[in-house]
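Worksheet: one structure, shown below.
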Amino acid sequence: MRMVDIIEKKVEGKALSDEEIRFFIEGYTKGTIPDYQASAWAMAVLFQGMTPKEIATLTDAMEHSGETIDLSAIAGIKVDKHSTGGVGDKTSLALGPLVAACGAKLAKMSGRGLGHTGGTLDKMESVPGTNVFLSPEQFIAQVNRIGIAIVGQTAEVDPADKKLYALRDVTGTVQSIPLIASSIMSKKLACGSNTILLDVKFGNGAFMKTIDDARELAKTMVRIGDDLGRDTRAILTDMNEPLGFAVGNALEVKEAIATLHGNGPRDFTELVTEAGAIMLLQAKIVKDLETGRKKIQTAIKDGSGFAKMCELFAAQGGDISYLQHPEKFPEAAYVSPILAERQGYVKSIDSLEIGLSAMRLGAGRATMRDKIDMSAGIVLKRKVGDFVEKGQPLAYAYTNKADHEEVLAQIRAAFALDDKEVKVGPVVHEMIAL
Ligand code: URA
């Protein structure tokens with residue numbers, strides 16, 4: 001078999017056979033197929049697409065390109081969730097403890113932030129002492145003991161995706177639904193949970209700009225998961241403004257804590273309640289979504305969600321006095337207001353611009369080697385639908401960089417104001433299940 005023939009077949013719009021797809025993934029992972037052929041292949045897929053059967057084979061080949069995690073030593077149904085990436089997305093920090101407090105088992109592998117999106121591992125590390133690298137034995141023992149562990153993915157999981165995703169990033173081939181779906185699902189499947197909830201974001205800060213594209217991606221992923229024997233569902237959630245108010249590592253941890261105390265932002269609380277209800281249904285802890293929602297709300301009210309968050313961090317070496325007394329998190333040297341230059345209703349907040357601005361303030365990485373400033377970020381004071389008078393704050397920027405005037409202007413420009421009242425929609429728009 002020759003890679004050039006496989007590329008030409010895809011260029012002509014024909015479906016590849018199982019053998020051809022496996023030949024490519026095996027060869028590319030081993031290094032016998034070079035980057036230039038892989039990028040030509042990815043470009044052909046971007047333009048010609050793939051059939052559901054091709055996508056399933058590609059996902060399976062990538063899943064098995066490295067180590068797969070065996071969670072069978074954990075009793076009961078193991079649930080997992082994945083977000084396609086957003087700004088201010090601290091969902092796992094609140095949702096994980098809530099579902100675990102309700103009896104679900106969450107053995108979660110998470111990632112780091114890059115560019116305008118943050119990562120759960122970085123947020124966790126803003127709590128001093130927290131260790132996100134457990135051995136497989138420690139990981140499994142912790143989930144058996146307290147129902148939850150959140151750790152970094154080991155280098156051995158899905159090496160094909162690591163290579164291919166890095167290549168797609170620099171060859172303009174990220175925006176292909178078959179490639180995104182197989183990339184996400186191969187990693188999730190390799191991580192071994194029985195159920196997967198996908199939070200597929202759409203809007204200005206998301207991979208998918210429209211709800212229609214998000215729906216297509218969600219359906220593709222749900223089909224792959226179900227075909228491969230996992231209960232997979234998806235929600236389509238709005239990323240036309242950042243999630244909640246806080247963007248930036250320690251700032252987001254504080255917001256997750258407030259949410260577990262019942263004082264969270266409306267949109268974020270709605271998202272964790274809906275996602276939590278679905279995960280409890282998947283875990284067969286509840287029989288319907290309404291009971292699931294009530295259970296999540298009770299875990300917020302009775303403090304068991306917050307207690308589980310403390311257990312999670314304590315088990316992974318974190319100093320939980322920071323969770324109990326969030327005022328202990330060091331504050332950035334500069335806290336600068338961004339004031340409205342006119343009055344009006346907030347029509348939209350460009351999340352991509354807010355995410356990039358938070359990165360420029362020190363909260364994120366432009367490249368994987370950059371160091372993060374845990375105290376940096378942005379706290380919104382107005383969300384979509386809110387009214388602001390001229391001179392009132394739209395947001396505050398937190399940074400240790402003295403020279404940040406330009407970023408303040410970029411944050412201001414991310415807010416679009418209107419004279420007319422703006423209707424506020426839900427954050428969770430649809431649930432997709434087969
Ligand atoms: N996230 C992933 O893990 N892979 C993609 O291709 C896009 C987003």
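Listed here are the residues, each with its yes/no results for (1) assigned to a helix (DSSP H, G or I); (2) touching a residue at least 60 places away in the same chain (Cβ under 8 Å).
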| residue | (1), (2) |
| --- | --- |
| Ile25 | yes, yes |
| Ala40 | yes, no |
| Ala73 | no, yes |
| Gly85 | no, yes |
ask   = Can you name the number of the only condition in (1) in contact with a His (Cβ under 8 Å, 6 or more places away or on another chain); (2) surrounded by fewer than 22 Cβ atoms within 10 Å (Cβ to Cβ) that Phe306 fails?
value = (2)
query = Listed residues Met208, Met185; which is within 14 Å of the chain's Cα centre (by Cα), at pLDDT below 95, of a type in the set (A, V, I, L, M) and within 13 Å of the ligand (Cβ to nearest atom)?
reply = Met208
inquiry  = Between Ile140, Ile150, which is under 19 Å from the mean Cα position of the chain (by Cα), surrounded by 15 or more Cβ atoms within 10 Å (Cβ to Cβ) and in contact (Cβ under 8 Å) with a residue 40 or more places away in the chain?
reply    = Ile150
note = Filtering region 301-315 down to residues that are of a type outside the set (D, E, K, R) and without any contact (Cβ under 8 Å) to a residue 60 or more places away in the chain yields Gly303, Cys310, Ala314
query = Does at least one position in region 192-203 carry a residue that is under 21 Å from Met359 (Cα atoms), outside the structural domain of Phe24 (by TED's automatic domain parsing) and within 14 Å of the ligand (Cβ to nearest atom)?
reply = yes
Qualifying residue in region 378-395 (condition: touching a His at 6+ places or on another chain (Cβ under 9 Å), surrounded by 18 or more Cβ atoms within 10 Å (Cβ to Cβ) and either among the aliphatic types (A, V, I, L, M) or at negative phi (or both)) = no
query = Looking at (1) away from the ligand (no atom under 11 Å from the Cβ); (2) within 27 Å of Ala250 (Cα to Cα), which is the only condition Gln153 fails?
reply = (1)
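Based on this model, can you work out whether Gly103 counts as modelled with pLDDT under 95 and within 26 Å of the chain's Cα centre (by Cα)? Reasoning before the result, please.
Details: modelled with pLDDT under 95: no; within 26 Å of the chain's Cα centre (by Cα): yes.
No, not satisfied.
Does region 274-294 contain at least one residue that is in contact with a Pro (Cβ under 7 Å, 6 or more places away or on another chain) and either within 14 Å of the ligand (Cβ to nearest atom) or not in a loop (DSSP other than H, G, I, E, B) (or both)? Walk me through how you get there before you give the answer.
Of the residues in region 274-294, the ones in contact with a Pro (Cβ under 7 Å, 6 or more places away or on another chain) are none.
Among the residues of region 274-294, not one is in contact with a Pro (Cβ under 7 Å, 6 or more places away or on another chain) and either within 14 Å of the ligand (Cβ to nearest atom) or not in a loop (DSSP other than H, G, I, E, B) (or both), which makes the answer no.
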task = Name every residue in region 162-180 that is part of a helix (DSSP H, G or I) and more than 8 Å from the ligand (Cβ to nearest atom), in order of residue number.
result = Lys162, Lys163, Leu164, Ala166, Leu167, Asp169, Ile177, Pro178
note = Among (1) at pLDDT 95 or above; (2) in a helix (DSSP H, G or I), Ser336 falls short only on (2)
message = Among the listed residues Leu271, Leu197, Leu243, Leu251, identify the single one that is in a strand (DSSP E or B), at pLDDT 95 or above and at negative phi.
response = Leu197
remark   = Taking region 396-415 and keeping residues closer than 20 Å to Asn249 by Cα and buried (at least 24 other Cβ atoms within 10 Å of the Cβ) leaves Ala397, Tyr398, Thr399, Ile411
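The values are calculated or read from the model by the stated rules, or taken from the named source; none is laboratory data. What you see is a predicted model; the values in this text were computed from it and never measured. Cβ coordinates were reconstructed from backbone atoms using ideal geometry, including for glycine residues, and neighbour counts include every protein chain displayed.
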